[in-house]
């Protein structure tokens, strides 16, 4: 019979709680994966923008140099200087304070404030470009002072290497920060995964343990259902199953054997005089005696109140059957002893043999039962063969 899953974890509520925990941990791992992907994407954008800062600083210097040369393209160069420097300064401020700048597609991008590793480089770069901020604002206006543009160009050329180094430092800081955050998120992800795996293993091993326990209980109950609860020997159901198997094999192999039906004589007076507890003790002692007398291949069972049955494969021949029955009768007669004064216990035995009477169990039982009643009618403590 299949074992209910709810029995394996003790209760449906416990099973549901374990499943909910497992799903929650799996969702946590999934959300952390999404979080890592989002964070990596944002870090990649920030690193790219830091790299763009190096390009913008060079573009600013180049535009300034072109703007100082009087020609038809000077106005365009001033405009380029103003726009490139403005984007450079805006991105620096976004990194330093947290805020928006423009991405490569011209759309606004929100940047997080850079941590301690890159903050000094940002602060130094912001101070470094301060002398050029006013000139950059006016550069796009007509008739910008050429001397100011010359000053700005000279300034940017002299500090271009320093600005590039600062932007390189910023890029390295952003990369290191990205690696650190990713490691932390990976650690959290690994922890959640380990918890999910542990929860899963707890469910699996819990179910396996419970399954073994339930299976053992099932086997124990099956054994109890096949044994007489008082004497511990086989009951009618177990006897029928085992005897049919023995007779089936005996039929195939043409083997001989004997079935004995045993019914106590004088048992009721013991029950009436000394109580059912005393009677139960007699039955237990009888079962032990029958099993002691039986061979390893014999089947001994209690099928009623004081009725027993024995199937003895390979017991055949009048002489062997007589010796076996006399041994059983002697053990029963000696049983009450001095504990039950005035009471005499006996036994009537009915015998049916196969293959003489066939191999059908019910037929053999019926014949042995008839023979047993003949023995009882004759005064008991004897055996008759059908």
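Residues being buried (at least 17 other Cβ atoms within 10 Å of the Cβ), more than 52 Å from the chain's Cα centre (by Cα) and part of a helix (DSSP H, G or I) are entirely absent from the stretch 95-116. For the stretch 277-294, a residue qualifies if it is touching a strand residue (DSSP E or B) at 6+ places or on another chain (Cβ under 7 Å) and within 13 Å of residue 324 (Cα to Cα), and the qualifying residues are 290, 291, 294. When 78, 54 are checked against the criterion of being buried (at least 16 other Cβ atoms within 10 Å of the Cβ) and either at pLDDT below 90 or not in a helix (DSSP H, G or I) (or both), 78 stands alone in meeting it.
If the condition is being touching a residue at least 24 places away in the same chain (Cβ under 8 Å) and either assigned to a helix (DSSP H, G or I) or over 29 Å from residue 270 (Cβ atoms) (or both), then the stretch 304-317 contributes 313, 314, 315, 316. Could we say that residue 272 is modelled with pLDDT of 90 or more and either surrounded by 15 or more Cβ atoms within 10 Å (Cβ to Cβ) or part of a helix (DSSP H, G or I) (or both) here? The answer is no for residue 272.
The rows are residues; the columns are (1) surrounded by fewer than 12 Cβ atoms within 10 Å (Cβ to Cβ); (2) at pLDDT below 80; (3) out of contact with any helix residue (DSSP H, G or I) (no Cβ under 8 Å at 6 or more places or on another chain); (4) not in a helix (DSSP H, G or I).
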| residue | (1), (2), (3), (4) |
| --- | --- |
| 13 | yes, yes, yes, no |
| 17 | no, yes, yes, no |
| 29 | no, yes, no, no |
| 34 | yes, no, yes, no |
| 46 | no, no, no, no |
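Candidates 375, 301, 330, 368: the one that is free of Cβ contacts under 8 Å to residues at least 24 places away in the same chain and either part of a helix (DSSP H, G or I) or closer than 22 Å to residue 230 by Cα (or both) is 330.
Taking residues in the stretch 194-206 that are touching a residue at least 12 places away in the same chain (Cβ under 8 Å), and partners anywhere that are outside any helix (DSSP H, G or I) and surrounded by 11 or more Cβ atoms within 10 Å (Cβ to Cβ), the pairs with Cβ atoms closer than 9 Å and at least 6 places apart or on different chains are 203/9; 206/9; 206/10.
The values are calculated or read from the model by the stated rules, or taken from the named source; none is laboratory data. The shown structure was predicted, so the numbers you read here are calculated from the model rather than taken from an experiment. Ideal geometry is used to build each Cβ from the backbone, glycine not excepted, and the neighbour counts take in all protein chains shown.
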